[in-house]
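Taking it in order: structure first as structure tokens, then the write-up.
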Amino acid sequence: MTKGQWIGLMAGASALVPAGGAAAATAERSVFGEMPDGEVVEAVTLSGENGVSVRVITLGATIQSFNAPGRDGAIADITIGYDTVEDYLERPNYWGQTIGRYANRVAGARFSLDGKTYQVSQNDGENSLHGGAEGFDKRNWTLESVADGERASAVFTLRSPDGDQGYPGNLDVRVVYSLDEHGALTIDFSATTDAPTVVNLTNHALFNLGGNGWPYGTYDQRLTIPASRYTPVDGGLIPTGELRTVEGTVFDFRAGRMLHDGIRQAQDEQIMLGRGWDHNWVLDKGRTAQPELAARVEHDGSGRVLEVLTTEPGVQFYSGNFIDGTLTGKDGVLYRMGDGIALEPQMFPDTPNQPTFGSARLDPGETYLHTMIYRVSSKN
């Protein structure tokens, strides 16, 4: 869609407000920028009555900002990212994007289905990471609709053709972002295929509850993960297949742990391999029909709290180890190691090659479903 076509579309659009009065949450559609070919990159801002607002752009179906109040009512943007389309294109990173077809790593960038081996995009040494070199994070999705209401929402869609990044089957993907008036952003992923394939979708927002540019990074924040096991990795950050206990290690977040506590513990080989935490935790809840708690982050300085809920069995905690101070993001902030953390609900990394982890297979006639929630609040 060109900018002129977008303006024409908006001229005929009307707000969707439920009967009986003003909406509790609103959705506002706008232009964020343009792709090099002139295609419009749209934005939708979802706003609740409690001061929480989230802007999502069509490029990557990306959370570009996430504003939340602290205990004193002060609003801060708690995600890292960029201010312009050009920055997202020229200095790509996984900062708020929708990730697919397969989130996380696939060993050797290959897997087998029904006796056939598929070679997919190699973009992490010999492995594939987050769907490959041209994953879903780099596509300009279609913003199908927006709506106000008790939950303001925006619907994004994408067609991934057969052979895309080496993956089989035409895959039709739908992502719905919805925000309620209580500060909960729900993300509903769904996908269908016309041939057997593998699917693992998530969001890759990096959070800092102190706010974008908080001088202490995330190290003054406390993380809880209700998981008694995690999946240790090899030198390529591929799971070894072991489900290892967290007991007695710096991977034990069950009772809450400050993020400065253990991130530089070189005595733990896994910390050395990941340059910090960059691992999958095996959630005690397993896969569930409804979203349950996967992680909780608390920041005493601002009072902000973030809870991550999911239907999936794992969560990847990445402590921002590879952010090296060479990239300038929103509001001219120079991002450094630990300036944001990712909590990515998911199937386990490399599941297509490790049957003991379960199955990421999707067949024709089935629908892939994953619901996750980012829920923010504040405490005294």
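Pairs only if they're at least six apart or on different chains, beta carbon under 6 angstrom, first in the range 274-301 and closer than 17 Å to Gly236 by Cα and free of Cβ contacts under 8 Å to residues at least 60 places away in the same chain, second of a type in the set (Phe, Trp, Tyr) and in a loop (DSSP other than H, G, I, E, B); list them, first residue then second.
From the range 274-301, no pairs qualify.
Which residue, of Glu181, Glu247, is acidic (Asp, Glu), modelled with pLDDT under 95 and either surrounded by fewer than 20 Cβ atoms within 10 Å (Cβ to Cβ) or at positive phi (or both)?
None of the others qualify; the one that does is Glu181.
Sort out which residues of the range 239-251 are within 22 Å of the chain's Cα centre (by Cα) and either part of a loop (DSSP other than H, G, I, E, B) or over 12 Å from His279 (Cα atoms) (or both), and write them in order of number.
Result: Phe251, single match.
Take the conditions surrounded by 16 or more Cβ atoms within 10 Å (Cβ to Cβ) and part of a loop (DSSP other than H, G, I, E, B) and apply them to Tyr88. Does it pass?
Judged against the criteria, Tyr88 is not a match.
Within the range 54-79, restricting attention to residues that are without any contact (Cβ under 8 Å) to a residue 60 or more places away in the chain and within 19 Å of the chain's Cα centre (by Cα), which residue is surrounded by the fewest Cβ atoms within 10 Å (Cβ to Cβ)?
Filtering first and then ranking leaves Asn67.
What's the number of the only condition in (1) among the basic types (Lys, Arg); (2) farther than 23 Å from Thr186 by Cα; (3) over 19 Å from the mean Cα position of the chain (by Cα) that Arg304 fails to meet?
In the conditions (1) among the basic types (Lys, Arg); (2) farther than 23 Å from Thr186 by Cα; (3) over 19 Å from the mean Cα position of the chain (by Cα), Arg304 misses (2) alone.
Looking at the range 187-202, I want the residues that are at pLDDT 95 or above and in a loop (DSSP other than H, G, I, E, B) and have a partner that is of a type in the set (S, T, N, Q) and surrounded by fewer than 24 Cβ atoms within 10 Å (Cβ to Cβ) with Cβ atoms under 7 Å, at least 6 apart or on another chain. Which pairs are those?
The qualifying pairs are Asp194/Asn170.
Which one of Gly236, Gly276 is in a loop (DSSP other than H, G, I, E, B) and touching a strand residue (DSSP E or B) at 6+ places or on another chain (Cβ under 7 Å)?
None of the others qualify; the one that does is Gly236.
Taking only the range 323-359 into account, find how many residues are under 20 Å from His130 (Cβ atoms) and either of a type in the set (Asp, Glu) or assigned to a strand (DSSP E or B) (or both).
11
So that you can scan it fast, the table gives a plain yes or no per residue for (1) surrounded by fewer than 19 Cβ atoms within 10 Å (Cβ to Cβ); (2) under 22 Å from Ala43 (Cβ atoms); (3) of a type in the set (Ser, Thr, Tyr):
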position	(1), (2), (3)
Gly81	no, yes, no
Pro92	yes, yes, no
Tyr102	no, no, yes
Lys116	yes, no, no
Gln122	yes, no, no
Gly132	no, no, no
Gly163	yes, no, no
Val175	no, yes, no
Asp188	yes, yes, no
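Quick one: count up the residues across the range 96-130 that are under 13 Å from the mean Cα position of the chain (by Cα) and small (Gly, Ala, Ser).
3
Pull up the range 91-144, narrow it to residues that are acidic (Asp, Glu) and in a loop (DSSP other than H, G, I, E, B), then point me to the one that is farthest from Pro36 (Cα to Cα).
Asp114
Please verify whether Gly81 is assigned to a loop (DSSP other than H, G, I, E, B), at pLDDT 95 or above and either closer than 15 Å to Gly149 by Cβ or in contact with a strand residue (DSSP E or B) (Cβ under 9 Å, 6 or more places away or on another chain) (or both), treating the condition exactly as stated.
Taking the combined requirement at face value, the residue satisfies it.
May I ask you to verify whether Leu309 is of a type in the set (A, V, I, L, M), within 23 Å of Ala76 (Cβ to Cβ) and surrounded by 19 or more Cβ atoms within 10 Å (Cβ to Cβ)?
So Leu309 fits the description; yes.
Go through Arg254, Arg264 for me and flag whichever is in contact (Cβ under 8 Å) with a residue 24 or more places away in the chain and either out of contact with any His (no Cβ under 9 Å at 6 or more places or on another chain) or assigned to a loop (DSSP other than H, G, I, E, B) (or both).
Matching residue, one of Arg254, Arg264: Arg254.
When the range 343-371 is examined, which residues are found to be within 16 Å of Asn280 (Cα to Cα) and buried (at least 21 other Cβ atoms within 10 Å of the Cβ)?
Leu343, Glu344, Pro345, Gln346, Met347, Phe348, Pro349, Asp350, Thr351, Pro352, Phe357, Ala360, listed by residue number.
Taking the condition aliphatic (A, V, I, L, M), closer than 17 Å to Ile373 by Cβ and crowded, with 20+ Cβ neighbours inside 10 Å, does Leu259 pass?
Spelling it out, it is not the case that Leu259 is aliphatic (A, V, I, L, M), closer than 17 Å to Ile373 by Cβ and crowded, with 20+ Cβ neighbours inside 10 Å.
The values are calculated or read from the model by the stated rules, or taken from the named source; none is laboratory data. Computed from a prediction, not measured in an experiment: that's the story for all the values here. Every residue, glycine as well, gets a Cβ built from its backbone with ideal geometry; the counts of neighbours run over all protein chains shown.
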